Structures are given as C-alpha cells and as structure tokens.
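To start, the structure under review is shown below, and the notes come after it.
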Amino acid sequence: MSIWHIAWQNVRHQARSYMAFFFSSTFAVWMFFLYASLLYHPEVEGPHFPDGVKTLLSGVEILVALFAVVFVFYAHSAFLKARLRELATLQLLGMMHRQLTRLLATELILMGSGAIGLGVGFGLAFLHLFLLTMSRVLRLDQPIPFHLSWEAVGLTLGAFVLIFVTIALLSRRMLRRSGIAQLFAAAAKPKEPPATSPWLVLLCLVTLVCAYGMVLTVEAERFARLFLPMMSALALGTYLLFTQGSVALVKWLKGRRAIYLRRTNLLTIAQLAYKVRDNARILFLIAMLSTISITVMGLFYNLYLSTAKEAERINPIHLTIAGSPAGMAPERVTAILREHGVQVVAQATIPAVGGGGLRFADLPANYAHQAVGWILPLSDMNRWLAALGRSPIALDRGDAALLMRQENRLMEELRRHGPMEAELEGSGRITVGTYLMDDPINQFSALVVTDEQFARLKGATALHLYRFADWQAAQPALLQIRSEILDRWPPAFASRPSIRGTGIFFHESLQAAGFFLFLATFVGVLFFLGSCNLLYFKLFNDLMEERPQFRSLGRVGILPREVRRVVSSQTLLLFFAPLLLAVFNAFMAVQMFGRMEATISWKPMAAIALLYVTLFTGYFLVTRRTYVRALLSQPLP
Amino acid sequence: MPVLQAQNLTKIYGGQRSAVTVKALDSFNLTVEKGEFVGIMGPSGSGKTTLLQLLGTIDVPTSGEILVGGQSLAGLKGDQLALFRRRNLGFIFQDFNLLDSLTLKENIMVPLALEGKPAGELEARTQAIAKRLGIAEVLQHYPYQVSGGQKQRAAAARALIHEPALILADEPTGNLDSKAARSLMESLERLNAEGGATILMVTHDPVSASYCKRIQFIKDGRPFTELRRGSDQAAFFHQILDVLSAMGGESYDLTYARR
C-alpha cells in the first residue's frame, strides 16, 4: 500500500470535505484564468479599448490573485480543520511526520492539478462568452475573436502552483509544531467565547466615528490621501463591531430572560454565544466583500447612466469644428446633417485664434498662468450668444472677457481684485475685466476680446458651431463627419481640424463607462460568489459539529420544525447582518462621491443594492434548505 | 395502572430482502409500576439496547405493543412521537448526550424551554433539581469544563426536570469511574425513593445494578430471570453475580464497551 494509495483513498472517502475545497480552488483558478486571458489578449492594446486598460486590467488581476490566495487558504484551513482527527489517528498509528507531510502534499498535488486543469477548462469554455459580452459592452461591430494565450495559461499555472506549494509547506509547519494530543484536542475542543473589553468597545467606537466622519466630510482634493486611512479605519471598526458587538448582543439577549428562555430561542442564542468568535470573522469578511461589490458596481453604474448628462456638460454645443478642413467645407457638413435628417436650431461660423495663454503678473506663480482655448472677437461672439438665447458680453471693465467652464482659483482672484492686467502671449498686455462661468464653444476656457484687438492677432481661423434640436438623434451624422475628417487628415498632421460633439463624446464615454462597469461587475460577481462560498464553508464545516448536537436533541424529542427555526434564525443573522451593513456603507459612499461628482446619485446605487440583496436572499434560501436537509438527513441512532 | 407495559415485543433486524435476519427481541413482556426502579441486565447481544430503543420510541418494534401510562405508542408518527418522547420520557445516555455549545444550566432547561414554559418556572425548577443532584455550583460551566460524573448528573437533571412518567437510562455509568458511578447511582436511588421517579435502567455493571429494586435479566431476546432486592444491598449484589455467572460467565464480557 503506497502513500499514493492512501492519499487516493482519503480523497475518495472524505469526498464532501474534499469536494468543497476542490471546487473552491477550481473556482479561484477559473476566475483568475478568465481574467488573465483578457489581460494577454492581443486586442486589449488595440484601438477598441480605452487607453491604459492594460494597466487597469493588471490591477484587477492582482485583486483577483489576492482574492484567490485568501480564498484558497481559507478553504484549505477549513478543510484541514475538518480532518484533524483523521490526521491525529494516522500519527497515533505510527505515521512519521515525513510520511504525513508527504501524504498531505500528495493530496494537494492530486487536488491542485485537478483544480487547475478543471479551472482552466472552465475558463476556456467561458472565455468566448466573456469576450462576446465585452464586445457588446464596447459596442464593437466585430466581436473580439477567441484567442488562447499561452501566457495566460502559464501565469495561471505558475500562480496556483505557487499557492498550493505554499499551502503544503504551511500545513507541514502546522503539523510539525503540534503534537498528536493537541491535534485531538483541537478537533474536539470547543472554543471559549471571547470576552468584551471596554477598551476594545471604545476603540471600535473611535475607529467607526473616524471612518464615517472622514466619509462624510472628505473633499475631492484630499480623497486620494485619505482613502487608505479611511478604509483601514472602516475595516478595523467593522471587525471590532462584529466581535464586540455580537458578544454584547448575546449578553443582552441572555439578560432578557423572557426572550432568552422562550422555546427555541434558548438553543439559538446559546449556540450563537458559543460560536460568536467564529461568526464574527465570517461576518466581517462578508461585510467587507459585499461593501466593495455593491459600492464599486453602484458607482460605475452611476457613471454609466450619467454619461448623457456628462456629454451635455462637457460639450454643451452639439457640434464644433475648428478650422476649415480641406474637403470638409461647411456645405459638406450641412449636406451630411441633412442626409441624416438632423434639425439644426442654431449655427454660426466665428473667426477665432487658437491657443495661447494669459499670465497675470500680480498673482502668485502657481495660478498666475491660464491657458486659453480660443480667442474670439466680441461682435461675432455676441451674435452667437444671441442665437443661443443668452445675454451678450459687455467689455466695459477692461478689454477682454475670460470664459471658464468651471470655477478655479484664478476666478476667485478676479472676483476679489476686479479688472487685472495680464500678458497675452504673443500680443502684449491686456486688461481682463469680465469673467464668466460659461462655455458656449465646447472649450474649457476662452477669451473674448474687442474686434479691434482681434484684428491685430495673427493666424485667425474659423470655428463652426452647430446646435441641434436633438443631439442624440444627430449622433450617427456626427460619427460620419468625424470619420470623413479623420480619413482625410493623417493623425500626426499638425493642423488637423478638431471636431467635438455631444454625440461623439457620448459615444466614446459610453464605451469607456461600459467597459469600467463590466470590470466592476466582474469584481462584484467574484466577491459575491466568494461571499457565498465562505458562507457555504462555514455552514458545512459546522455541520460536522452540529449534526451530533441536533441528533442529541432529536433523542430528547426536538421537532424538525424546531430545528428549522433554530437554524433559520442563526443563518439569517449570518447572512443578513453583514449585508445590511454593506448596503449602509454603499449609501455612505454615494454621499461621499456625490459631494465630489454631482452626477452620482442614490438611485442607481439602490438598484444595484436591490439586485445584490435579491441574489443573496436567493442563495440564502437555497443554502438554508440544503443545510437543514443535511442536518435532518441522518436518522436517530 | 402501570407506567409501562410492553407486550409481546419482537424486533427482527434485516428485512425480507437481506439474507441475514437477527431476532433481537422475541415476544418480550415487561411491566413497570409507578415508583419502581428497574434494572435490565444481560450479556452482549442479548437485546438490552434494542429493548431500550423500542421503549424510548427511537425505534419501532416488528410486532407487539408498548403502552406508556395506558397510551399505546403504535399510532404515533413523526412530530407526535417526538412530542410524546419529550413530554413523557426522560433519557440518560452512556455518552451523556449533552450539547457542547450550551452550559449545563441551558442543557437542563432545554426540555422545558421547548415546551414554552415561562422563564421563572425554568429557573426555579433548574435550581431545585441541580441542588438535589449536587451540581448547583457548576451550572454556568460548559460540558467540557466539568467531570464525567457532573456531566451525567446534568443529563439526569435534564431527564428529570419535566417530571416525565418514565426515565430510561442506558448504561448511565458506562463512561464513569467507579467513584462517580457510585455517587450517580446513589443520586438516582434517592430520586426514586424520595421524589418518586420511575426509572428503567439498562446496565452491565453489577454494582450499579445493585441499586435497583428489581432486575430483569434478558438473554437471546427472551426474559431469563428476575431478581428483587431485599433490604441488604450487598446480598443483592452477590445474587446478581450469581445470576450473571449462571447465564454464562464466559460469554459475559466484563470489559464490554458499547458499540
């Protein structure tokens, strides 16, 4: 009888424990490989994907890898715990450490290679579907072709061999350190309930107040710096909340004798108290995973939905073409618009001088310079403003007006100082007297000068401006105009005409937002499944301990429906306490990001949270049913 | 009216399909009156455990009838059976059968709590029974924190707290050292004598059996003989030893371990 034989026999006879570990590993491999395949897909660096996607994907892949490590380790430790008695028995029968570690390593090799093989297989089977979904999200005409990248296979293989080897080494160390007696004791010894400490309660309160305080007050500029402290405080606070809070809850419940001693409550609460530390760790993990899932998906869904609004904000004028591209005369533009049946509400051609900058001598160096997109003459500009139905600009306090889309420090200074002298690059001094928060030409900033001043500037070109009755309907026309311009002008050519349009921006940012939403959903689904898997482990690991307990109760005469009630209340808490917290956190995130980005609102977040909770509830119902069945499946002795 | 009447109990293991059938009990009769303390003894495989499982409604007889307090168990199924068990019977098992995750006090309270009795009554009754069994000081402990003897007392307290018609004890001293065993048996004797508890105990240990008022011996699924105790426990103990050797000393395995 070789060690291989014993290993194989072990795998066969403890199928349930092995199965759980095996499928968790398979799942981790599967997800990792799927993502690696995308990462190494040649198309990712192609034109369809937003810039920097490869870096982003690498980041997500690292996240998935971290997740896989934690997940596989947890699964393995749960698995080992379920088998401590068996391992101790083998040692008792005289198996040497060397043989035992070889046995464990052999098992791991068997299961690990199986998991890697099956995971990669699943990955390949789903890769096509994955790519098709991605192509739809990116609105590609041609779907991304299936591509088996050996780098992805290699990366997956390398990563997971490393994980499994590490696990084998760690469990070897664990076995070496503990004697047989300890192994037996560990298998049988119940844990003592953790004590509450006033200091930990205080720390919990302090960290939570800090975390939510930061969430409620942080400003956009300090967000990046505060993000890590905020998340750490939240994690620590949540952990303490569940460890200390659950002990406190149990204490409180035990104090209320009318509740505590009422029928099955006695069993429910006593068992909760007993397993409180175990539960707290799981509750914490689920809370964090769900918080991240719901928040990330909700935020990107928010961005996805707000794309249209954002397009209108960035490009309030539905089409602007700068310069006079060869072969793209205004007549051709008009012709294309007519072809598509686009209704033009306002149209103008304004002479403009591109680029340049203002330098204010009287201001501190860090905001003394302001880039200017276009310089425009007053009379044409006022005509255009009139066409848009806005009030005209008056240059009565100087000889130039600065138009900005957003508030900045310079605007504050101008408001405080009144008219200020500035150096207009290439054409001498100028007095900026008027400043407006307005963007009538799809530019972040523009300078309007008197007609005389404008006449002195060199290099004038024309700005063609259009406003449509319905910009969304005009989108195909805009895309056609753009492609005709791009066809004629080589990309590197300096005087390539710039074209901006609400529809074009919408088209592009919808692609990007869709892509990010897809990534967020992937991570969300991963964490969701991870949470479910953790709960499954928790429950079915407990099953080994619980079954004799409920069998004992069965001998004393407990009814199946009473067992169900006890198990229901316990699992309900396990599933929904962290979920509730996660939903709360998600709305706190809306509050925080909403302050920085006006487009973020609670409705899309609520939709995502609802979806998540619904799926989670479905999983809860199925799991509870399976669990109760497994619990009651064994007949009385 | 007797607390327990078992008439023509027969249990055959192995159904029509299996090749091997074992007759564990063969037309067995047993009657236990209120306030009795009855011991059941016999060699391994004699049918003791089967008898206790049938009486405890954990298993169903192939034929025959069991009446507890005049009520037949034949028609009861599922929930009815479980309810009957927890209201009318109290169990003491060799392996204590306590819940690890509950303190001794909570363990003792379970039967009454499931019945929905008010909190005050639970507390009062638990305290009273714990005091009588000498475990009032360790009520807040978990089973793994106390000795085997204390565990078995807690199990006894749980079996008694709802004042069942009949207490079924299955080798209650099987996992205890001789001192703890003696002490437990003295407690049971007292509960029987002073509290009027009716006890049916299966045992292997002649010392433990000597605390009973009456012993029914069983061999190959049939009644072998019956002993009644006089006033002298030591004499009773020797009588028991005599019967055991008469039943076949060789087959009587003194180092018998259950299951």
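The values are calculated or read from the model by the stated rules, or taken from the named source; none is laboratory data. Fair warning: this is a prediction, and the values are worked out from it, not measured in the lab. Cβ atoms come from the backbone with ideal geometry, glycine included; neighbour counts cover every protein chain shown. Keep in mind that these areas ignore ligands, DNA and RNA; they rest on the heavy atoms of the full protein, side chains included. Shrake-Rupley method; radii C 1.70, N 1.55, O 1.52, S 1.80 Å.
Quick one: which strands (runs of 3 or more DSSP E) lie wholly within segment A:421-531 and hold at least 1 residues that are without any contact (Cβ under 8 Å) to a residue 24 or more places away in the chain?
Those strands (runs of 3 or more DSSP E) span A:429-437.
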Scan of segment B:82-109 for residues that are charged (D, E, K, R), within 7 Å of another protein chain (Cβ to nearest Cβ) and within 17 Å of B:D170 (Cβ to Cβ), ordered by number = B:R85, B:R86
Taking segment A:147-169 and keeping residues touching a residue at least 40 places away in the same chain (Cβ under 8 Å), in a helix (DSSP H, G or I) and either of a type in the set (A, V, I, L, M) or more than 12 Å from A:S113 (Cα to Cα) (or both) leaves A:E151, A:A152, A:V153, A:L155, A:L157, A:A159, A:V161, A:I163, A:I167, A:A168
Return the only residue of A:F620, A:F576, A:F584, A:F616 being open to solvent by 70 Å² or more (accessible area, probe 1.4 Å) and modelled with pLDDT of 90 or more.
-> A:F584
Residue check, A:S232 against (1) surrounded by fewer than 16 Cβ atoms within 10 Å (Cβ to Cβ); (2) within 19 Å of A:S290 (Cβ to Cβ); (3) modelled with pLDDT under 85, all met but one. Which one?
-> (3)
Unmet requirement for B:G39, which otherwise passes all of (1) under 17 Å from A:L267 (Cβ atoms); (2) among the small types (G, A, S); (3) in contact with a Cys (Cβ under 8 Å, 6 or more places away or on another chain) | (1)
Would segment A:274-292 turn up any residue that is within 13 Å of chain B (Cβ to nearest Cβ), under 20 Å from B:A124 (Cα atoms) and surrounded by 21 or more Cβ atoms within 10 Å (Cβ to Cβ)?
-> no
Hey, any hits in segment A:329-344 for a residue that's of a type in the set (S, T, N, Q) and farther than 15 Å from A:F468 by Cα?
-> no
Filtering helices (runs of 4 or more DSSP H) wholly in segment B:87-190 for at least 1 residues that are surrounded by fewer than 20 Cβ atoms within 10 Å (Cβ to Cβ) and without any contact (Cβ under 8 Å) to a residue 12 or more places away in the chain gives B:119-133
Among the candidates A:V563, A:V583, A:V523, single out the residue that is β-branched (V, I, T) and closer than 28 Å to A:A82 by Cβ.
-> A:V563
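Take B:L76 and tell me if it is more than 11 Å from chain A (Cβ to nearest Cβ), surrounded by 15 or more Cβ atoms within 10 Å (Cβ to Cβ) and under 17 Å from A:R555 (Cα atoms).
So B:L76 passes the test.
Could you please give the count of residues in segment A:368-381 that are open to solvent by less than 40 Å² (accessible area, probe 1.4 Å) and either within 17 Å of A:Q406 (Cα to Cα) or at pLDDT below 85 (or both)?
Residues flagged as open to solvent by less than 40 Å² (accessible area, probe 1.4 Å) and either within 17 Å of A:Q406 (Cα to Cα) or at pLDDT below 85 (or both) within segment A:368-381 amount to 5.
Got at least one residue in segment A:243-260 being touching an Asp or Glu at 6+ places or on another chain (Cβ under 7 Å), crowded, with 18+ Cβ neighbours inside 10 Å and of a type in the set (S, T, N, Q)? Reasoning before the result, please.
Looking only at segment A:243-260, we keep the residues that are touching an Asp or Glu at 6+ places or on another chain (Cβ under 7 Å), and these are none.
Among the residues of segment A:243-260, not one is touching an Asp or Glu at 6+ places or on another chain (Cβ under 7 Å), crowded, with 18+ Cβ neighbours inside 10 Å and of a type in the set (S, T, N, Q), which makes the answer no.
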Note: among A:S24, A:S37, A:S17, A:S77, just one is farther than 24 Å from A:L535 by Cα and either outside any loop (DSSP other than H, G, I, E, B) or open to solvent by less than 70 Å² (accessible area, probe 1.4 Å) (or both), namely A:S37
Return yes or no: is B:S231 part of a loop (DSSP other than H, G, I, E, B) and surrounded by fewer than 23 Cβ atoms within 10 Å (Cβ to Cβ)?
-> yes
Are any of the residues in segment B:24-32 in a helix (DSSP H, G or I), among the hydrophobic types (A, V, I, L, M, F, W, C) and over 15 Å from the mean Cα position of the chain (by Cα)?
-> no
Inside segment A:40-69, the number of residues satisfying the requirement of being loosely packed, with under 14 Cβ neighbours inside 10 Å and more than 18 Å from the chain's Cα centre (by Cα) is 5
Do we find a residue being out of contact with any Lys or Arg (no Cβ under 7 Å at 6 or more places or on another chain), within 19 Å of A:F540 (Cα to Cα), within 14 Å of chain B (Cβ to nearest Cβ) and open to solvent by 10 Å² or more (accessible area, probe 1.4 Å) anywhere in segment A:565-573?
-> yes
With the checklist (1) over 21 Å from A:L289 (Cα atoms); (2) of a type in the set (S, T, Y); (3) surrounded by 15 or more Cβ atoms within 10 Å (Cβ to Cβ) in hand, flag the one item A:T217 doesn't pass.
-> (3)
Please list, ordered by first then second residue, the pairs with beta carbon atoms under 6 Å, 6 or more apart or interchain, first in segment A:598-624 and under 15 Å from A:T291 (Cα atoms), second among the small types (G, A, S).
-> A:M605/A:G298; A:M605/A:A586; A:I608/A:G298; A:A609/A:A586
Kindly indicate whether B:R153 is more than 9 Å from chain A (Cβ to nearest Cβ), among the basic types (K, R) and within 23 Å of A:N265 (Cβ to Cβ).
-> no
Output the number of the condition that B:G70 fails; it satisfies all remaining conditions of (1) open to solvent by 20 Å² or more (accessible area, probe 1.4 Å); (2) within 13 Å of chain A (Cβ to nearest Cβ); (3) over 30 Å from A:Q271 (Cβ atoms); (4) touching a residue at least 12 places away in the same chain (Cβ under 8 Å).
-> (2)
Taking segment A:498-553 on its own, how many of its residues are among the aliphatic types (A, V, I, L, M), surrounded by 20 or more Cβ atoms within 10 Å (Cβ to Cβ) and within 14 Å of another protein chain (Cβ to nearest Cβ)?
-> 1
Taking B:D59, is it within 11 Å of another protein chain (Cβ to nearest Cβ), part of a loop (DSSP other than H, G, I, E, B) and modelled with pLDDT under 90?
-> yes
Among strands (runs of 3 or more DSSP E) lying entirely in segment A:321-406, which contain 3 or more residues that are not polar (S, T, N, Q)?
-> A:344-354, A:357-359, A:374-377, A:400-404
Do we find that B:L200 is touching a residue at least 60 places away in the same chain (Cβ under 8 Å), within 12 Å of the chain's Cα centre (by Cα) and over 26 Å from B:S44 (Cβ atoms) in this structure?
-> no
